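Have a look at the structure below before the remarks.
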Amino acid sequence: MADIKFDIVEEIGVLSENAKGWTKEINLISWNGAEPKFDLRDWAPNHEKMGKGTTFTKEEAGKLKEILNKYI
């Protein structure tokens, strides 16, 4: 498998933390030098490891916000 390179452009916020110190975070990340996207995933302390996550373009994040606003 090819190496995946990432750059955390902006740390936006931490949603939660589990007993082992992993945090669920929303960040702005550039994957393999591409345009940064909103990224939601679990991270080990100091971002040394990551869990599976999902990314959103600005447009997708805006749509998600609209949907969530109906329920929150």
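Nearest 0.05, what FRET efficiency do Glu35 and Asn69 give at R0 = 22 Å with Cβ-Cβ as r? Rounded to the nearest 0.05, the efficiency is 0.30. Around the Cα centre of region 6-69, unit charges on the Cβ atoms of Lys, Arg, Asp and Glu (plus for the first two, minus for the last two) sum to a dipole of about 240 debye. Positive end of the dipole of the chain (Cβ unit charges, origin at the Cα centre): among Val14, Gly33, Asn46, the Cα lying farthest that way belongs to Val14.
Shown in residue order for region 54-64 are the 3J(HN,Hα) couplings computed by the Karplus curve 6.51 cos²θ - 1.76 cosθ + 1.60 at θ = phi - 60°: 9, 10, 9, 6, 4, 5, 5, 5, x, 5, 4 Hz (x for Gly and Pro). The simple spin-label model puts a point 7 Å past each Cα toward its Cβ; for Ser16 and Thr57 those points are separated by 3.0 nm.
P(r) for the chain, from all Cα pairs and a bin width of 5 Å, is 4, 15, 23, 25, 17, 11, 4, 1, 0 %, short bins first.
Values quoted throughout were computed directly from the atomic coordinates according to the rules given, and no laboratory measurement underlies them. Since we're looking at a predicted model, the values are computed, not measured. Virtual Cβ from ideal backbone geometry, glycine too; neighbours counted across all protein chains shown.
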